[in-house]
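Encoded as structure tokens, the structure appears first; notes follow it.
The values are calculated or read from the model by the stated rules, or taken from the named source; none is laboratory data. In this text, all values refer to a predicted model and were calculated from it rather than measured experimentally. Please note: Cβ atoms are built from the backbone with ideal geometry, for glycine as well, and neighbour counts cover all protein chains shown.
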């Protein structure tokens with residue numbers, strides 16, 4: 001396997017990207033990691049510690065900034081680290097793409113450079129979310145689309161159900177994964193016109209283990225292995241969960257601080273609660289966002305990703321590659337088309 | 001003022017509804033509270049404690065169940081406590097309606113029995129949400145639509161901006177309240193077609209203090225006085241916030257329990273954190289859900305509401321009535337129409 005890495009994308013690039021890549025290269029000696037970016041900035045982070053030969057640096061001085069217009073940047077900056085990496089994936093020189101940079105540009109690179117699998121109308125952005133419930137046997141669930149598409153048709157939701165099922169079965173090893181549709185009520189007749197139409201067609205798809213509608217209130221309880229949603233709502237739900245978690249963690253931090261010296265013993269336990277909470281909410285443990293439906297997997301992490309998040313996401317990308325998911329998706333949709 | 005109350009709606013009806021009403025009747029001696037429901041079940045809860053004369057009981061033995069089809073129930077069960085109360089509001093015998101019962105039925109009673117204000121296309125469900133941020137001077141913000149309409153047009157979002165502004169200025173006393181539009185990015189060009197169209201028209205409305213798009217991640221930080229959203233997304237966001245908060249509170253509760261005897265001192269502080277969190281998240285402190293855009297205010301609380309939640313929501317309903325908001329909305333939309 002060969003993984004193309006945009007070494008220059010993200011708030012802490014290239015340092016954290018390179019350090020995460022070095023850890024991944026040690027963990028996965030049979031995978032080659034291609035670092036695209038400025039060699040003068042990249043090399044210092046692993047020169048002294050080079051007891052492995054599965055990292056290659058592809059030098060380029062251009063990169064895409066976080067605030068650039070995504071489509072324009074991808075079209076014009078052919079020598080940007082992210083775009084060069086995407087072209088090498090397109091040309092088969094690498095099998096998958098990773099970046100912590102401009103998300104819109106990465107989606108554009110996936111769609112415009114690497115391209116859709118034939119038969120797939122719209123790729124989706126998928127994320128592996130934590131389950132926060134002592135009663136659930138799951139530790140995570142998959143949600144998609146969390147924002148690749150602002151406009152969604154029923155055919156897209158139908159295809160997302162297959163994408164999610166394939167990821168759950170191939171990469172997470174879940175047998176006959178359950179798939180649910182995000183709506184404003186659990187009954188089959190709940191939802192807007194889009195959701196009601198999609199509900200009917202997904203219900204008829206015998207290759208999907210569809211368990212019906214779910215409400216966003218129940219997501220973190222681990223109600224399904226895969227939750228599908230239109231990209232606008234999925235994006236809003238993901239950011240609501242993030243925002244609520246962040247506000248509550250901050251509230252608890254304030255309680256710890258206010259306790260001051262007199263509450264030191266108690267504060268210890270409170271800190272345990274706080275760190276439990278943070279650890280459970282830590283997305284990076286569960287990997288990054290996956291653009292699924294393109295000819296090769298494209299993975300992103302938050303712009304603020306550290307080496308550990310980069311490491312986890314690279315391992316996830318390697319697992320996707322080893323699982324053969326993309327080839328099977330390709331076969332499935334080519335067959336459907338035929 | 002006269003407030004019509006469905007005494008039979010909610011999981012703990014009529015007890016908690018009656019006890020909450022009794023507290024409100026003592027607090028607001030100049031408002032009359034009309035309790036609709038079975039007098040044999042209602043009377044025992046306040047007979048011994050009747051040092052006030054502003055509660056009247058309107059007897060009926062019929063009621064709407066939580067799982068009934070809303071529209072059918074409202075159309076057929078004319079003698080149900082909720083429906084009788086709605087007809088009395090329609091006929092001017094009462095000024096506002098309260099229920100903790102079947103939400104769909106209450107919305108249907110508002111729309112079909114009490115009716116829309118002329119010129120208003122779709123009433124919306126509005127909620128006063130807690131702000132959870134030490135940096136914010138706000139303790140709450142208004143969000144609408146959180147689920148009255150699964151399908152939304154740009155004209156609806158435009159009108160919601162006015163509804164929210166009127167509530168913020170009239171009831172909460174906020175001068176020139178800020179209004180934001182929920183989208184998948186803060187830039188003006190972000191969103192689906194609906195949101196982009198609404199953004200433009202709201203931007204042109206000089207009566208609204210529009211501050212642009214917000215993401216759901218920032219809602220609890222108190223980013224705006226009023227956040228408007230299509231009903232499908234708003235519902236999903238509200239339930240995501242509720243679900244995330246509930247999961248985290250449960251996680252923290254487990255930490256307290258696991259601490260056991262050895263952690264007793266620490267657990268005290270953790271409990272403080274937990275109770276801070278619960279108190280900040282307690283919606284009922286901030287009142288109930290408001291159906292706005294109908295000829296008289298219709299308020300709901302959760303089906304699990306206790307007497308305190310009922311009391312707070314009745315006080316909120318009384319404030320709305322005293323503020324003259326509905327009359328001003330009526331005037332505004334009649335003028336727009338003329």
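Here are some notes:
- Hey, residue A:3 in a helix (DSSP H, G or I) and surrounded by 22 or more Cβ atoms within 10 Å (Cβ to Cβ) or not: no
- Residue in segment A:205-214 that is free of Cβ contacts under 8 Å to residues at least 60 places away in the same chain and under 16 Å from residue B:239 (Cα atoms) present: yes
- Residue check for residue A:33: over 24 Å from residue A:107 (Cβ atoms), touching a helix residue (DSSP H, G or I) at 6+ places or on another chain (Cβ under 7 Å) and in contact (Cβ under 8 Å) with a residue 24 or more places away in the chain: no
- Residues in segment B:288-298 include none that are at pLDDT below 95, out of contact with any helix residue (DSSP H, G or I) (no Cβ under 7 Å at 6 or more places or on another chain), more than 8 Å from every other protein chain (Cβ to nearest Cβ) and part of a helix (DSSP H, G or I).
- The number of residues in segment B:211-247 being under 14 Å from residue B:184 (Cβ atoms) and assigned to a loop (DSSP other than H, G, I, E, B) comes to 3.
Conditions (1) surrounded by fewer than 22 Cβ atoms within 10 Å (Cβ to Cβ); (2) closer than 28 Å to residue A:316 by Cα; (3) more than 13 Å from chain B (Cβ to nearest Cβ), marked per residue:
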| site | (1), (2), (3) |
| --- | --- |
| A:175 | yes, yes, yes |
| A:179 | no, yes, yes |
| A:186 | yes, no, no |
| A:204 | yes, no, yes |
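- Note on segment A:118-140: residues that are part of a strand (DSSP E or B), modelled with pLDDT of 95 or more and more than 12 Å from the chain's Cα centre (by Cα) amount to 0.
- Candidates B:337, B:285, filtered to the one that is within 19 Å of residue B:16 (Cα to Cα) and at pLDDT below 95: B:285
- Extreme residue, surrounded by the fewest Cβ atoms within 10 Å (Cβ to Cβ), among residues of segment A:191-202 that are touching a helix residue (DSSP H, G or I) at 6+ places or on another chain (Cβ under 7 Å) and in a helix (DSSP H, G or I): A:201
- Residues (within 13 Å of chain A (Cβ to nearest Cβ) and either in contact with a helix residue (DSSP H, G or I) (Cβ under 7 Å, 6 or more places away or on another chain) or over 14 Å from residue B:179 (Cα atoms) (or both)) located in segment B:210-221: B:213, B:215, B:216, B:217, B:218, B:219, B:220, B:221
- Subset of segment A:230-250 (residues that are touching a strand residue (DSSP E or B) at 6+ places or on another chain (Cβ under 8 Å) and closer than 17 Å to residue B:143 by Cβ): A:233, A:236, A:237, A:241
- 3 or more residues buried (at least 18 other Cβ atoms within 10 Å of the Cβ) and touching a strand residue (DSSP E or B) at 6+ places or on another chain (Cβ under 8 Å): qualifying helices (runs of 4 or more DSSP H) within segment B:44-117: B:81-90, B:103-108
- Odd one out for residue A:250, checked against (1) at the interface with chain B (Cβ under 9 Å from one of its Cβ atoms); (2) crowded, with 19+ Cβ neighbours inside 10 Å; (3) without any contact (Cβ under 8 Å) to a residue 24 or more places away in the chain; (4) part of a helix (DSSP H, G or I): (2)
- Residue in segment B:145-173 that is surrounded by the fewest Cβ atoms within 10 Å (Cβ to Cβ), counting only those that are more than 10 Å from chain A (Cβ to nearest Cβ) and outside any helix (DSSP H, G or I): B:173
- Hey, residue A:260 modelled with pLDDT under 95, more than 8 Å from chain B (Cβ to nearest Cβ) and in contact with a strand residue (DSSP E or B) (Cβ under 6 Å, 6 or more places away or on another chain) or not: no
- Hey, residue B:142 buried (at least 20 other Cβ atoms within 10 Å of the Cβ) and within 13 Å of another protein chain (Cβ to nearest Cβ) or not: no
- Within segment B:222-247, the set of residues being more than 7 Å from chain A (Cβ to nearest Cβ) and at negative phi comprises B:223, B:224, B:225, B:226, B:227, B:228, B:229, B:230, B:231, B:234, B:238, B:246.
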